[in-house]
Structures are given as structure tokens and as C-alpha cells.
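In what follows, a structure is listed as C-alpha cells, so that the remarks can point back to it.
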Amino acid sequence: PLWMASLAFLFPETIALMTGFELDLIPTLAIELAFVWIVVFMSFSKVSDSEWILNGGAVLKVLVAVSVGVLGIWYACANGFAGSMAPETFLPDLTIIIFNFTGFEVICTFAKDMQNPARDIPKAIILGGLAIGAIYLFCGFGIGAAIPADQIDPDFGMLVAVMTMVGEASPIFIIIAVAFLITLFANMASWSFGVNFVADYAAKNQNMPKVFAHENPKTAMPTGAAVVNGIVATAVLLIQLIPNEAISNGLFWTLFATSVVFLLLTYIPMFPAFIKLRKVDANRPRVYRFPFQGTAMKVILAIPVIELVLAIVATLVPFSAEEVA
């Protein structure tokens, strides 16, 4: 719900960037809440009935990223590069690198719908990872061609770069901005499908409150988890009603950083749980088999836990006095 709220916060801001009109608080909240509850109601649909949303959103994301890269080549040929294109300018900080590795486990919630998950899941992760890396680097090249790395807008770097290259009134900018808004829906919908099923399963096994186990009797979709997500996201967005400029100005990154911290925290118990399952549930047939045992297994599993803790610290604790100020 925190991530949903952070993406909802981007929606009216993007509309303002497209139109040039700053929206008042009430219209802004109305748009944000509409985004949240549209995603919630989308989550009521069966995955099989919503493949066009997920696949269409993925295709649209690729088209947007590739378009930005192509525009960057065109802009650089006509005007030169806006700043240094040294390799280090393309490298994110530690927290973002760690965050990009989270979420791979969500695909396992769809394993029952795959003909051969032992083959399909590794294939999707490897080929998808390589494709995503290449596409994002190409998109990053396009952004860097128009704006120096140290001047990229942290919230709307891609859209500002496109606006710089083609102009704010250009149809190309409007099309890319609208496509970006659509991808926010697709991105949140794809995560909701996986996460809601996990919460539903946990509630059925008495590991979460019963409300998360509520399902639509016709579609068997986890409506309880979807509604709870919507309620929490709504409550978070209503914080903007508090008359505090600091809250409003930094809300996106506050919500995003908070969601990152909570997400990373949830990964830590998975590793000791894995060790326990190796002892108490060792004979269950498994699609994959972890190759290490004994001390080697504990050392291998301790490494990602340490990395997670460091990433959480890096997200919470500023590394310079300037950030505190």
C-alpha cells in the first residue's frame, strides 16, 4: 500500500507537468484516490482475464524506454551531449541496486499456471533481467544526453528529459507522458496480483488476520487483501491534508523510502525460515534444490541478510551532514 500511494502521488504531478497547470490539493487527492481504487478494483479480476493489462503494460514500458533512448541519440547528434557520459554516471547507489533485486519471488505465485515452472521461471528471470538491464541503460543514455547526471530531476527525470529534447507542447512528449501514466497502472496491478495472493494464502494458514483471506465467491480472487491495501494507501495519502509544506514536497520519496525499508525487512526472516524448513520439511518434493548444507549453507544465507541490513541502513541514515540539513 505504501508503494501504491507513492505511485498515486506521481499521477497528478505528471498531469501538471503535461498541462502546465498546478492542481490544488482537493483535485490532487481526488486523482490520487481514483488511481488507488481503480488498481484495487482491477485486482478483483482473474489473472487470466487481465493478461492484456500486464502484457500491454510491459510492452508500453519497453516502448517508452526505447523511445527515450532514440530521442537521446537524435538530440545528441543535433546538439551534443548535455553532460558527461562516463560509465560511472549510469551507476545507481547501493539502495537502488539492492531494491532492483527484490520481487523475483512474486513470479513463483503464478507457478501453478505454468506448464513447466522449472524451465520457465529461470528462463524468465535470466532473459528478463538481461533485457531489462539493456533497455534501462538505453533509456538512461537518452536521459543523460539531454540533462547532466547531477541535474536530473529525482521524481520526473525521464519526462523532464523528453520535454527538454522535444519541447513541452510537442505531441511526442504528451504521448510519452500518457504512456507513462498507463504503465503506473500496469505496474501496480501486476504487483497487486502477486502480493494479494500471498497475503490470502498466509491468512488461510492463520499467519495474517482473517480479513486477508476473504475471496470473491465467483472468481476466487483475494478481495480482502486488495481492499485493505486500498484503505491503507488512502489513509497514507490523506496525510497531505496536514498543513505542512515539508510533508507535501517530500511525500513521494518519503513513501518510496518507507516502502523500500518495509519490503527489505520482510526478506530477512525468509532465510532463517528456509533453514528451518530444510530440517522440518526435508522430504517434500521441490522444483529447485539448494546445493549447500551445514555451515556452508548458513554462510551463504548470511550474505544476503547482511546485504539487506546494509541496504536498510543506507536508506534510513543520511551519509552526509548536508542531507540532514
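Brief remarks on what is shown
- The chain shape via C-alpha gyration tensor axes, a/c threshold 1.5: prolate
- Residue among V162, V68, V236 with the largest mean-square fluctuation in a Gaussian network model of the chain, springs linking Cα atoms under 10 Å: V236
- Here the simple spin-label model places points 7 Å from the Cα toward Cβ, and for A314 and L238 these points are separated by 3.7 nm.
- Distance violations [Cα-Cα > 32 Å] among K61/K279; K210/K298; K123/K276: K61/K279; K210/K298
- Counting heavy atoms of the protein chains alone, C108 has an accessible area of about 70 Å² for a 1.4 Å probe.
- Backbone phi angles across segment 188-196, fed through the Karplus curve with coefficients 6.51, -1.76 and 1.60 (θ = phi - 60°), yield HN-Hα couplings of 5, 5, 5, 5, 4, 4, x, 5, 5 Hz in residue order; Gly and Pro are listed as x.
- Angle of helix 223-237 to the longest C-alpha principal axis of the chain, folded into 0 to 90 degrees and rounded to 10: 40°.
- Cβ-derived FRET efficiency at R0 22 Å, I132 paired with I174, nearest 0.05: 0.25
- Across segment 276-288, coupling constants 3J(HN,Hα) worked out from phi with the 6.51/-1.76/1.60 Karplus curve, θ = phi - 60°, read 5, 5, 4, 8, 8, 9, 6, 8, 5, x, 10, 5, 10 Hz, and Gly and Pro carry x.
- Selected from I300, I231, I182 as most flexible by GNM, with the chain as the system and alpha-carbon contacts under 10 Å: I300
- Computed from phi, the 3J(HN,Hα) profile of segment 299-308 under the Karplus parametrisation 6.51, -1.76, 1.60 (θ = phi - 60°) reads 5, 4, 6, 6, 4, x, 5, 4, 4, 5 Hz, with x in place of Gly and Pro.
- Cut-off of 10 Å, at most 13 other beta carbons, DSSP loop: longest stretch of the chain lacking such chymotrypsin sites (Phe, Trp or Tyr not before Pro): 102-287
- Of all the options A161, A118, A235, the one that moves most in a Gaussian network model of the chain with Cα springs shorter than 10 angstrom is A118.
- Additional length obtainable on full extension of the chain from L63 to N283, 0.36 nm per residue less Cα span: 74.6 nm
- Under a 5 Å amide H cut-off, with hydrogens placed 1.01 Å from N, N216 pairs with M221, T223 among residues at least 5 apart or on other chains.
- For N205 and A86, the FRET efficiency from 1/(1 + (r/R0)^6), where r spans their Cβ atoms and R0 equals 51 Å, is about 0.50.
- With contributions of -39500 (n - 2.57) from each DSSP H run of at least four residues, the per-residue ellipticity at 222 nm computed over the chain stands at -22500 deg cm²/dmol.
The values are calculated or read from the model by the stated rules, or taken from the named source; none is laboratory data. All values reported here derive from a predicted model rather than from experimental measurement. Neighbour counts are summed over all protein chains in view; Cβ atoms, including those assigned to glycine, are modelled from backbone coordinates with ideal geometry. Areas reflect the complete protein model, heavy atoms only, side chains present, ligands, DNA and RNA absent. Shrake-Rupley method; radii C 1.70, N 1.55, O 1.52, S 1.80 Å.
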